[in-house]
Amino acid sequence: MSATLTPERIELGRFLTVSAARFKDGHTKVEMFSGAIDAEWHQLLDSSDYAEFCTQHAGQQVGHVRLKGSGEIAWVTAYEALYGSLPEVWFTDAAGEVDIEAVDRYRTTGVVVAEWDCSPIGGGDGDDVVPEPREIAAA
């Protein structure tokens, strides 16, 4: 894979790793709340490198589905167990603006409460949910 490892790309890989583990453990929802990392995900979805990236980080192809919601981000503890505290890029929007208030709240409480627009899908012995064709990455 020839892609540059930006902070967004590194965190997307970590997110897919955590997502795959959550799916394996029976969780059905893994929220993508970072505008910056989601923008990277959308860019990668359209590339020929996506399947390899998924396999490297999640062990399988990972789909993408639009799924709006808000609330506490449930996978933060699983991320922290593998990688430590969430870096600031998780609190950055697609335009590059950092939500300092959200960063401070996370650093103080360890909890992330956010809105999200999409989520990975997949996980689980071929029982993947298949979204609309336009919403899943081409292999």
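The values are calculated or read from the model by the stated rules, or taken from the named source; none is laboratory data. This is a predicted model, so every value here is computed, not measured. Here the Cβ is made from the backbone with ideal geometry for all residues, glycine too, and neighbour counts use every protein chain on show. Heads up: the accessible areas ignore ligands, DNA and RNA and are worked out on the full protein's heavy atoms, side chains in. Shrake-Rupley method; radii C 1.70, N 1.55, O 1.52, S 1.80 Å.
Results for (1) among the hydroxyl-bearing types (Ser, Thr, Tyr); (2) open to solvent by less than 20 Å² (accessible area, probe 1.4 Å); (3) under 20 Å from Ala78 (Cβ atoms), shown as yes or no for each residue.
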| position | (1), (2), (3) |
| --- | --- |
| Thr4 | yes, no, no |
| Glu11 | no, yes, yes |
| Arg14 | no, no, yes |
| Ala20 | no, no, yes |
| Phe23 | no, no, yes |
| Ser34 | yes, yes, yes |
| Gln43 | no, no, no |
| Asp46 | no, no, no |
| Tyr50 | yes, yes, no |
* Structure fact -> Residue hits (the stretch 82-98; over 15 Å from Thr6 (Cα atoms) and β-branched (Val, Ile, Thr)) are Val98
* Any chance the stretch 107-121 includes a residue that's in contact with a helix residue (DSSP H, G or I) (Cβ under 6 Å, 6 or more places away or on another chain) and under 16 Å from Arg14 (Cα atoms)? -> yes
* Asked: Do we have Leu67 as surrounded by fewer than 18 Cβ atoms within 10 Å (Cβ to Cβ), modelled with pLDDT of 95 or more and either out of contact with any helix residue (DSSP H, G or I) (no Cβ under 8 Å at 6 or more places or on another chain) or not in a loop (DSSP other than H, G, I, E, B) (or both) here?
  -> no
* in a helix (DSSP H, G or I) and crowded, with 19+ Cβ neighbours inside 10 Å: does that describe Glu80? -> no
* Residue under evaluation Val111, criteria (1) surrounded by 13 or more Cβ atoms within 10 Å (Cβ to Cβ); (2) touching a Lys or Arg at 6+ places or on another chain (Cβ under 8 Å); (3) of a type in the set (Val, Ile, Thr), criterion not met -> (1)
